[in-house]
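Any read-out appearing in this document is the output of simple, stated calculations on the displayed coordinates, not a laboratory observation. Model, not experiment: these values are computed from the prediction. Cβ placement follows ideal geometry from the backbone for every residue including glycine, while neighbour counts extend to all protein chains displayed.
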Protein chains: 2
Amino acid sequence: MNIEKILDNIYSLPETSKQTLKKQITEVSFPKGHILLRANRIEKNIYFIKKGIARAYSNKDNIEITFWFGKEGDTIISMKSYIANLKGYENIELLENCELYELKTVNLQQLFEEDIHIANFGRRFAEKELIKTEERLISRQVRTATERYKELLKDSPDIIQRVQLGHIASYLGITQVSLSRIRAEMK
Amino acid sequence: MNIEKILDNIYSLPETSKQTLKKQITEVSFPKGHILLRANRIEKNIYFIKKGIARAYSNKDNIEITFWFGKEGDTIISMKSYIANLKGYENIELLENCELYELKTVNLQQLFEEDIHIANFGRRFAEKELIKTEERLISRQVRTATERYKELLKDSPDIIQRVQLGHIASYLGITQVSLSRIRAEMK
DNA sequence: CGTTTTTTTTATCATTTGTAAAATTTTACC
DNA sequence: GGTAAAATTTTACAAATGATAAAAAAAACG
């Protein structure tokens with residue numbers, strides 16, 4: 001997915017503002033398995049996924065807990081770093097060879113102060129991420145693991161195709177054995 | 001908590017912008033038990049809590065599932081309504097007699113287009129809510145119910161004082177009986 | 001202050017989910 | 001294509017959590 005479309009999906013910027021923003025963005029590539037962002041660091045860049053898939057995870061008692069998947073069009077970001085300039089909780093691992101668009105946080109923040117359209121772009125970005133995060137939180141609270149698996153299957157069938165089930169089980173908050181049981185019952 | 005302080009906590013606005021925003025805000029009061037916002041509606045107002053406490057809940061198979069508590073300084077909002085102009089998932093119940101500041105969403109959105117400082121205020125607001133929501137999601141994924149109870153006890157001891165345990169159990173994602181067991185073990 | 005209602009705790013039993021290990025299937029790579 | 005490695009499923013057993021009911025405690029109210 002190209003950068004033009006990714007930006008437009010977030011907020012419809014006037015052409016001049018869009019050009020200003022695009023000037024700050026470069027293309028980068030990393031292989032499968034690369035750790036793009038690390039927990040307990042203040043990360044300086046954000047990324048948009050042109051091609052590939054990634055996951056965010058935290059370590060808890062030497063166990064990796066996956067809590068996010070991203071694919072084409074999604075943003076890879078340490079929210080804590082971006083918003084509060086604090087160390088983040090997430091490691092981001094690329095699960096496929098990835099092509100990414102890179103943007104330095106400081107440059108974006110500079111533009112927020114100078115251009116009202118880009119400020120509203122930034123507002124819209126945070127708002128959209130907020131809705132997604134809230135939806136996941138509520139889903140987690142209200143639905144059972146089985147329901148959430150079916151929801152994922154419906155909303156993101158490609159995630160289930162492209163990501164190994166151990167990560168998906170972790171994301172759903174259950175063990176791989178439980179996920180196996182759920183899948184067996186659905187046949 | 002007065003409106004001056006609430007706004008300042010979100011984003012430090014220049015005095016003229018702050019006055020512009022404050023002109024759109026009025027004070028209202030409602031009794032304990034009042035349902036301020038309802039699920040499956042597009043809500044037109046947002047509220048800041050001057051005094052009192054509230055919870056958000058959804059209904060699932062005739063059971064109320066609480067997923068948020070707000071107190072002095074917090075914002076009561078249907079994110080889906082505010083951000084996407086769509087019906088929200090939450091009912092908001094006031095758990096005490098409340099004094100609130102009311103702001104019409106349309107008026108705020110108008111100001112986002114006109115005043116870069118207010119646009120950045122809106123960005124900051126969404127970003128801060130995002131961090132809070134993300135923190136809760138990760139906490140839910142990474143920590144056990146017992147750990148989350150202790151976290152709540154540490155971060156918001158007043159919630160546990162002021163809210164009945166049935167709501168807190170629901171918020172933690174466990175039954176009231178389980179919460180009782182957790183509390184018994186901690187003595 | 002005493003009564004009623006609501007909230008919280010306790011006890012018992014059933015169900016779900018987790019842990020560990022083995023069996024099977026799929027994938028990666030020489 | 002064959003072998004090794006990795007991923008997934010299955011099984012057996014243990015631990016945790018839920019459902020239900022009932023008792024105890026606390027709060028609300030005349």
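Taking Cα centroids, how far is the stretch B:118-187 from the stretch A:5-66 in Å?
Each part's Cα centre sits 29 Å from the other's.
Roughly how big is the protein assembly as shown's charge dipole about its Cα centre, with Cβ charges of +1 (Lys, Arg) and -1 (Asp, Glu), in debye to the nearest 20?
980 debye
Over chain A, what relative contact order in percent results from Cα pairs under 8 Å that are six or more residues apart? Spell out each step's value before the answer.
Working: 283 pairs, mean separation 46.9, N = 187.
Once divided by the residue count of chain A, the mean separation gives 25 percent.
Counting pairs of Cα atoms in chain B, how many percent are more than 30 Å apart?
Numbers: 3910 of 17391 pairs.
Above the 30 Å cut-off, chain B has 22 percent of its Cα pairs.
Hey, got the dipole for the stretch A:99-187? About the Cα centre, +1 on K and R Cβ, -1 on D and E Cβ, debye to the nearest 20? All intermediate terms of the calculation are to be shown ahead of the outcome.
Working: 15 positive and 14 negative charges, 139 e Å.
The dipole of the stretch A:99-187 has a size of about 660 debye.
Compute, for chain B, the length of the dipole vector about the Cα centre, with Cβ point charges of +1 (Lys, Arg) and -1 (Asp, Glu) only. Units Debye, rounded to 20.
Values: 30 positive and 26 negative charges, 101 e Å.
Roughly 480 debye, rounded to the nearest 20.
Counting helices only, and only those DSSP H runs with n ≥ 4, report the 222 nm mean residue ellipticity of the protein assembly as shown as the sum of -39,500 (n - 2.57) divided by its residues, in deg cm²/dmol to the nearest 500. Don't skip to the answer; put the middle values down first.
On the way: 18 runs with 190 residues, N = 374.
Computed mean residue ellipticity for the protein assembly as shown: -15000 deg cm²/dmol.
Taking every residue in A:115-123, how many Cβ atoms of other protein chains lie within 10 Å of its Cβ, on average?
Numbers: counts 2, 9, 3, 3, 10, 7, 2, 7, 12.
Whole-number average of other-chain Cβ neighbours for A:115-123 is 6.
Have a look at B:Tyr11, A:Thr16, A:Ile76 and report the one farthest towards the positive end of the charge dipole of the protein assembly as shown, computed about the Cα centre with Cβ charges (Lys/Arg +1, Asp/Glu -1).
Value: A:Ile76.
Test of understanding: ordering B:Ser81, A:Ser180 by Cβ neighbours within 10 Å, fewest first, what list do you get? Intermediate results must be reported in sequence, preceding the final value.
Details: B:Ser81 20, A:Ser180 13.
With the fewest neighbours first, B:Ser81, A:Ser180 line up as A:Ser180, B:Ser81.
For the pairs A:Lys71/A:Lys132; B:Lys23/B:Lys50; A:Lys132/B:Lys87; A:Lys44/A:Lys128, flag any whose C-alpha to C-alpha distance is greater than 19 Å.
Working: A:Lys71/A:Lys132 14 Å; B:Lys23/B:Lys50 17 Å; A:Lys132/B:Lys87 15 Å; A:Lys44/A:Lys128 21 Å.
Violating the 19 Å Cα-Cα cut-off are A:Lys44/A:Lys128.
Pop a pseudo-label 7 angstrom from the Cα along the beta-carbon direction at both B:Arg183 and A:Thr16 and give the gap in nm to one decimal.
Roughly 6.2 nm, to one decimal.
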